[in-house]
Amino acid sequence: MSETMQRINQFRDERNWRQFHNEKDLAISISLEANELLELFQWKTPEETKEDPERLKEELADVLIYSYMMADNLEFDIEEIIAEKLMKNARKYPVTKSFNQKKKYNELDED
């Protein structure tokens, strides 16, 4: 278990919050926190969003903390699932087709 996961679990366990952190509620919390992060960008230019980096850090940290907790509940190794997803993405988005492209994988062959 990573040091980060240990610290998250310690924080949660000291408050006896594990009972509230089932997968459904964690998924809801990830979505809610992601929307709070998104709200910081609403109606702003990219430059304006950088004016409050502390808020960005806090909301991003909330998304990550709930994501870590969900992975831990499901006994997923975060490093492993990210590595697996990157391999899948590499197959879907080969450099030769996707370099400098913003198209989705199923649109890459259209040119």
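The values are calculated or read from the model by the stated rules, or taken from the named source; none is laboratory data. Remember, it's a predicted structure, so these values are computed and weren't measured experimentally. Note that each Cβ is placed from the backbone with ideal geometry, even for glycine, and that neighbours are counted across all protein chains shown. The area values use the complete protein model at the heavy-atom level, side chains included, leaving out ligands, DNA and RNA. Shrake-Rupley method; radii C 1.70, N 1.55, O 1.52, S 1.80 Å.
A few points about this structure:
- Around residue 63: net Lys/Arg minus Asp/Glu count, Cβ-Cβ under 9 Å: -4
- Ranked packing of 73-83, 28-38, most packed first, by mean Cβ within 10 Å: 28-38, 73-83
- Between residue 54 and residue 97, the distance separating the two model label sites (each 7 Å from Cα on the Cα→Cβ line) works out to 4.7 nm.
- 12, 55, reordered so the largest accessible area comes first (probe 1.4 Å): 55, 12
- Inter-label distance, residue 104 to residue 25: 3.4 nm, where each label sits 7 Å from its Cα along the C-beta direction.
- Zone of residue 80's modelled label, taken as backbone nitrogen in segment 1-39 under 17 Å from a point 7 Å along Cα→Cβ: 1-3, 5-6
- Lys pairs, segment 56-111 - Cα-Cα below 21 angstrom, 8 or more residues apart or on other chains: 11
- For the chain, the Kirkwood hydrodynamic radius from C-alpha pairs, put into Stokes-Einstein at 4 °C and a viscosity of 1.567 mPa s, yields a diffusion coefficient of 78 µm² per second.
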